[in-house]
Amino acid sequence: MTQPAVATARISRRGLHYVLDGAGPVVVLIHGWCLNRQVWMYLEHALVAGGRTVITPDLAGYGESAGLRPRTSLADHADDLTDLLDELDVSQAVLAGFAFGAGVICSASDYRRIGALVSIAIPSAATAPYDRMRGAIMKDWPRFAARSAQAIVPSQTSAETKDWLSRMFGATSLGAALAGLDILRLFEPVEMVKRWDVPAYFVHGSDDPIVPATVSQECAKQFGGQYVEVASAAHLVVIDQKEAVQAIVEDVAGARVV
């Protein structure tokens, strides 16, 4: 893979918008439901400064990829991702995904180009009122988006960060939000078919108010992975405990260097 001297915004052959930055071992960061690549800005900056190549795509239907047809399964999103890795001729990439993005990275059919997985706050249909959420979304999506953005960070988070997240959620189209919700309402991570044969790390905030940490603990046990707990009362640990998440991803990426 040719590595850029500066960050470059690109479009994959399937139409995914993504940014490629840095030089060194490859880390791919996959955002969550109704978020976009910007949620990784702190981790992206730190990894590039630490000598990593970082790829941050916007999944189909979200962010700059909003013009793409929303996908109807995690496997479809994962196919977009692995096709991008094929296009870039990437090898031994570390894939890190937050929430919905964690489901994506664990749902690929082809792990030839992947060296490790870092699942962060993987969701579970059993722990969320997804059926009721559809009604609330259809009643007032802008209001629901704003409230959802604020629910994933602690109350003491700055008003500016809450507003930033609210705008990110609210920029998602109703169709993309509902398509993602339909995927989530049927997703139980312990029922996944394990197709990867690489190290997998299941990271979770200790007091996550949205998805209990036991979900990641069970995944680690079920799939022979490693559970990593971050002291946090937030769901969005990639923002609330950015330094801790950075250290975890850097350790995993460093272990991939031969």
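Quickly run through the stretch 198-233 and pick out the residues that are of a type in the set (A, V, I, L, M, F, W, C) and under 17 Å from Ser124 (Cβ atoms).
Ala200, Phe202, Val203, Ile210, Val211, Ala213, Val215, Cys219, Ala220, Phe223, listed by residue number.
Say we look at the stretch 216-235 and pick out the residues that are open to solvent by 20 Å² or more (accessible area, probe 1.4 Å) and part of a helix (DSSP H, G or I); which of these is nearest to Leu165 (Cα to Cα)? If you could, list the steps in order and put the result at the bottom.
If we filter the stretch 216-235 for residues that are open to solvent by 20 Å² or more (accessible area, probe 1.4 Å), which is where we start, we get 217-218, 221-222, 224-229, 231, 233.
Remaining after also requiring part of a helix (DSSP H, G or I): 217-218, 221-222.
Working: Gln217: 27, Glu218: 29, Lys221: 32, Gln222: 33 Å.
So the residue we want is Gln217.
Among Gly15, Gly24, which is the only one that is of a type in the set (Gly, Ala, Ser), farther than 24 Å from Trp164 by Cα, out of contact with any strand residue (DSSP E or B) (no Cβ under 8 Å at 6 or more places or on another chain) and not in a helix (DSSP H, G or I)?
On the way: Gly24 fails: out of contact with any strand residue (DSSP E or B) (no Cβ under 8 Å at 6 or more places or on another chain).
Going through Gly15, Gly24 in turn, the sole match is Gly15.
Please go through (1) of a type outside the set (Ser, Thr, Tyr); (2) more than 16 Å from the chain's Cα centre (by Cα); (3) buried (at least 19 other Cβ atoms within 10 Å of the Cβ); (4) part of a helix (DSSP H, G or I) for Ile183 and return the number of the only condition it doesn't satisfy.
(2)
Pick out the one residue from Val249, Val211, Val238, Val245 that is of a type in the set (A, V, I, L, M), crowded, with 16+ Cβ neighbours inside 10 Å, under 18 Å from the mean Cα position of the chain (by Cα) and not in a helix (DSSP H, G or I).
Val211
Working only within the stretch 69-80, note down all residues that are open to solvent by 10 Å² or more (accessible area, probe 1.4 Å) and touching a residue at least 24 places away in the same chain (Cβ under 8 Å).
Passing the criteria: Pro70, Arg71, Thr72, Ser73, Leu74, Ala75, Asp79.
Where the second residue is open to solvent by less than 20 Å² (accessible area, probe 1.4 Å) and among the acidic types (Asp, Glu) and the first is closer than 15 Å to Cys34 by Cβ and in contact (Cβ under 8 Å) with a residue 40 or more places away in the chain and lies in the stretch 117-138, which pairs have Cβ atoms under 8 Å and are six or more apart or on separate chains?
Filtered contacts from the stretch 117-138: Ala121/Asp208.
List the number of the failed condition for Tyr201; all other conditions in (1) over 20 Å from Val237 (Cβ atoms); (2) open to solvent by 40 Å² or more (accessible area, probe 1.4 Å); (3) outside any loop (DSSP other than H, G, I, E, B); (4) not acidic (Asp, Glu) hold.
Evaluating Tyr201 over (1) over 20 Å from Val237 (Cβ atoms); (2) open to solvent by 40 Å² or more (accessible area, probe 1.4 Å); (3) outside any loop (DSSP other than H, G, I, E, B); (4) not acidic (Asp, Glu) leaves (1) as the failure.
The values are calculated or read from the model by the stated rules, or taken from the named source; none is laboratory data. Predicted model, so just to flag it, every value in this text is computed and none were measured. Cβ coordinates were reconstructed from backbone atoms using ideal geometry, including for glycine residues, and neighbour counts include every protein chain displayed. SASA here: full protein model, heavy atoms, side chains in, ligands and nucleic acids out. Shrake-Rupley method; radii C 1.70, N 1.55, O 1.52, S 1.80 Å.
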